[in-house]
Amino acid sequence: MAPNKHPRHGANPRYARTSRYLPRPRPALLIATALVAAAIPVAAVVTRHTANPGPVAAPEPRVTLQAKEVGFWSRDDRLSPPVHRDRSPVELGTRFTAAQDGWVIGVRFYKAPGEKGSHTGSLWDSAGTRLATVTFRDESRSGWQEARFGSAVPVVGGKVYTVSYHSEHGTYAGRPSAGALRSGPLSTAARRVGVYTYGPSRFPHRWNPKNYTYYVGPIYRWLDREPAPSVRPVPSATRSRDVVTYTPRPWPSVSRVSPNPSGEVTVQPSAPPSFEPTPGPSVPPVVEPSAEPSAEPSVVPSARPSEEPTTVVSPSREPSRTPGGEPTGGRPTRSPSRSPSIPAQSPAQSPAQSPAPPPTAPAGSACPGGYPTPACTGAPRSVSPLRKAANLGGNDYQVTTPGTVVDGVHITGDLVINADGVTVRNSQIDGTVINERGTRQYSFTISDSTVGPASGCVSTPGVGESHYTATRVLVRGHGDGFRVSGDDVTIRDSYVHLCSNPGDHSDGIQTYMAGKGLVFQHNTVDQRDARDITAPIFITDPRVVDVTLTDNLVMGGTYSIQVKNAHGRVVVRNNRLVNRSWVYGPVEADCSSIDWSGNTLVTVDDDYRVTSTVGALPCHT
């Protein structure tokens with residue numbers, strides 16, 4: 001009998017299970033050494049001339065290979081996660097690592113109540129190559145759905161993979177502050193657990209810094225080595241084997257076919273692994289332990305798929321044109337259901353404060369004598385942005401050449417900036433402007449441009465992450481306006497009209513793992529129409545150093561101006577807060593460490609013109 005092979009390394013004495021049969025021993029003679037060399041367990045040694053059994057050989061340690069199956073969640077888990085209704089096609093995924101080699105045999109996800117349409121599941125490697133896909137069949141109205149690939153896909157221990165599902169309807173389950181997941185050999189990092197991308201099914205490379213989990217995971221199978229039951233001494237040497245063996249077939253070889261028109265590469269395992277034991281005693285069934293979230297060492301985030309450098313030139317004229325400018329629904333309206341919980345502060349409560357003079361727009365502002373509005377921000381009405389063909393997949397456009405100028409274009413997805421010194425102007429971007437790839441962030445400027453969809457609400461920020469300057473930018477249809485997660489961010493003369501989806505924590509400007517030198521000057525942030533909110537100004541990250549917040553008009557939020565934990569020089573001057581537009585209070589700040597002066601409570605009309613000054617706005621801890 002030929003020795004069995006380890007699934008990856010071929011013949012190996014550790015995994016050999018051979019049997020050699022010796023001739024009948026002569027009287028009083030037993031060649032025990034031959035039996036030991038043949039790796040056959042010996043229970044007892046006897047001779048034909050001895051009535052009683054001789055000394056019993058100590059059994060050697062034995063190992064049994066058992067096929068086990070696991071996921072981060074089981075089909076029996078009962079959940080009531082928050083439901084989000086983005087009303088846009090979206091791919092939702094989970095980044096994971098297996099501690100040892102194994103196979104992903106399918107996808108399991110939680111279907112949110114109200115979700116409609118068909119779904120597909122996919123497995124991706126860290127470079128964004130789709131390794132396998134499957135369509136879910138016979139779905140229930142909500143709850144756990146499961147689909148298995150036609151062939152098991154081998155995965156390498158220690159490498160990062162992404163499992164995802166695609167929703168055409170855009171209703172899904174998601175919970176922030178997820179933390180790390182672990183189940184058996186499967187684990188996730190503590191951050192960047194859930195990932196997503198909007199549009200058709202493609203690699204989900206984006207993530208929300210609130211660290212959502214989207215309740216989708218792999219169905220993973222591996223071979224577990226467990227000690228076999230010890231061999232008991234017997235009165236005769238008639239049994240030659242007492243160990244249950246498990247012989248998997250070799251790992252499947254992978255054949256790759258030519259990329260299809262979408263640029264994806266299909267992987268087709270030529271021989272799916274077998275989990276059937278060799279003839280003999282039965283192998284225990286597959287074990288499916290439940291998932292237990294726990295802390296886990298960080299997994300290095302994978303980079304987005306590499307793309308060929310593409311320089312943006314003047315767009316070719318195409319029939320389809322969509323002018324930008326106005327946010328959804330025209331002029332923003334106050335929420336009739338919003339009522340303040342705390343009355344406005346009276347000037348008498350803070351005698352040191354005095355009302356600021358009428359607002360004066362900075363030199364060069366397109367909104368002279370007032371605050372930014374939709375009429376003086378965004379893509380100019382005199383420019384009809386021309387549609388730019390996507391080059392990253394779906395509707396997204398990626399810039400990879402330093403110094404590229406994006407001028408007068410309409411990008412129907414995200415603008416992904418992966419080069420330094422990029423200039424964006426006179427353009428409309430229906431998704432997000434983001435300059436992050438892995439841990440790298442790139443410098444850019446954006447001016448006179450509209451960011452966000454004409455309808456609906458996207459939970460992610462409109463513009464981010466660091467080393468950028470934004471001027472006269474109109475952000476609409478986003479749960480967060482501007483994201484700051486690094487050094488050297490300047491935002492001036494811009495207008496933000498916020499929305500929210502259930503479970504969001506909407507912010508006009510928010511800091512996350514921020515750095516040094518943030519300037520937020522002469523902007524308008526209107527959060528009155530959003531429901532799931534935090535603040536128009538939310539500067540709370542302890543890594544923030546040197547912040548300047550001046551001459552802004554803000555309204556809405558739980559506490560409208562939140563400035564806490566920052567270091568260095570923190571300046572909050574001459575800002576105007578619309579009276580009684582908050583939910584809990586006007587300010588929450590570290591007053592002792594802030595240069596706070598000239599801030600006032602005001603009323604405004606529908607065009608954001610200040611109609612009266614109610615009084616001074618004191619700082620509150």
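The values are calculated or read from the model by the stated rules, or taken from the named source; none is laboratory data. Keep in mind that this is a model prediction, so the values were computed, not measured. We place every Cβ from the backbone using ideal geometry, glycine too, and count neighbours over all the protein chains shown. In case anyone asks, the SASA skips ligands and DNA or RNA and just uses the protein heavy atoms, side chains included. Shrake-Rupley method; radii C 1.70, N 1.55, O 1.52, S 1.80 Å.
Among residues that are in contact with a helix residue (DSSP H, G or I) (Cβ under 9 Å, 6 or more places away or on another chain), assigned to a strand (DSSP E or B), hydrophobic (A, V, I, L, M, F, W, C) and on the phi < 0 side of the Ramachandran plot, V614 is included. For the condition touching a residue at least 12 places away in the same chain (Cβ under 8 Å) and open to solvent by 40 Å² or more (accessible area, probe 1.4 Å), P402 qualifies. Just one residue in the set D526, D551 is modelled with pLDDT of 95 or more, of a type outside the set (S, T, Y), open to solvent by 20 Å² or more (accessible area, probe 1.4 Å) and in contact with a Pro (Cβ under 8 Å, 6 or more places away or on another chain); that residue is D551. Restricting attention to segment 478-520, and to residues there that are more than 22 Å from the chain's Cα centre (by Cα) and of a type in the set (S, T, Y), which single residue is most open to solvent (accessible area, probe 1.4 Å)? In this case the residue turns out to be T490. Kindly establish whether Q510 is under 30 Å from P113 (Cβ atoms) and free of Cβ contacts under 8 Å to residues at least 60 places away in the same chain. Yes, satisfied. Exactly one residue out of Y161, Y198, Y212 is free of Cβ contacts under 8 Å to residues at least 40 places away in the same chain and crowded, with 20+ Cβ neighbours inside 10 Å, and it is Y212.
Remark: V475 falls outside the filter, which requires a residue to be within 23 Å of S201 (Cα to Cα), open to solvent by less than 10 Å² (accessible area, probe 1.4 Å) and in a strand (DSSP E or B). V587 meets the conditions (1) open to solvent by 10 Å² or more (accessible area, probe 1.4 Å); (2) closer than 26 Å to G515 by Cα in every case but one. The failed one is (1). Could you check, for segment 145-165, whether at least one of its residues is closer than 21 Å to V458 by Cβ and among the acidic types (D, E)? Within segment 145-165, none of the residues are closer than 21 Å to V458 by Cβ and among the acidic types (D, E). Being over 19 Å from the mean Cα position of the chain (by Cα) and more than 25 Å from D396 (Cβ to Cβ) is a property that G114 has.
Would you mention how many residues in segment 521-543 are farther than 18 Å from H478 by Cβ and in contact (Cβ under 8 Å) with a residue 60 or more places away in the chain? Of the residues in that region, 2 qualify. If you go through segment 412-448 and keep only what is over 19 Å from Y198 (Cβ atoms), outside any strand (DSSP E or B) and small (G, A, S), you end up with A419, G421, G438, S443.
Scanning segment 554-565 for residues that are open to solvent by 20 Å² or more (accessible area, probe 1.4 Å) and either in contact with a helix residue (DSSP H, G or I) (Cβ under 8 Å, 6 or more places away or on another chain) or in a loop (DSSP other than H, G, I, E, B) (or both) yields T558, K564, N565.
Could you go through segment 472-479 and let me know if any residue there is among the charged types (D, E, K, R) and under 19 Å from L518 (Cα atoms). Checked segment 472-479: at least one residue is among the charged types (D, E, K, R) and under 19 Å from L518 (Cα atoms). Within segment 526-545, the set of residues being more than 24 Å from the chain's Cα centre (by Cα) and not in a strand (DSSP E or B) comprises Q527, R528, D529.
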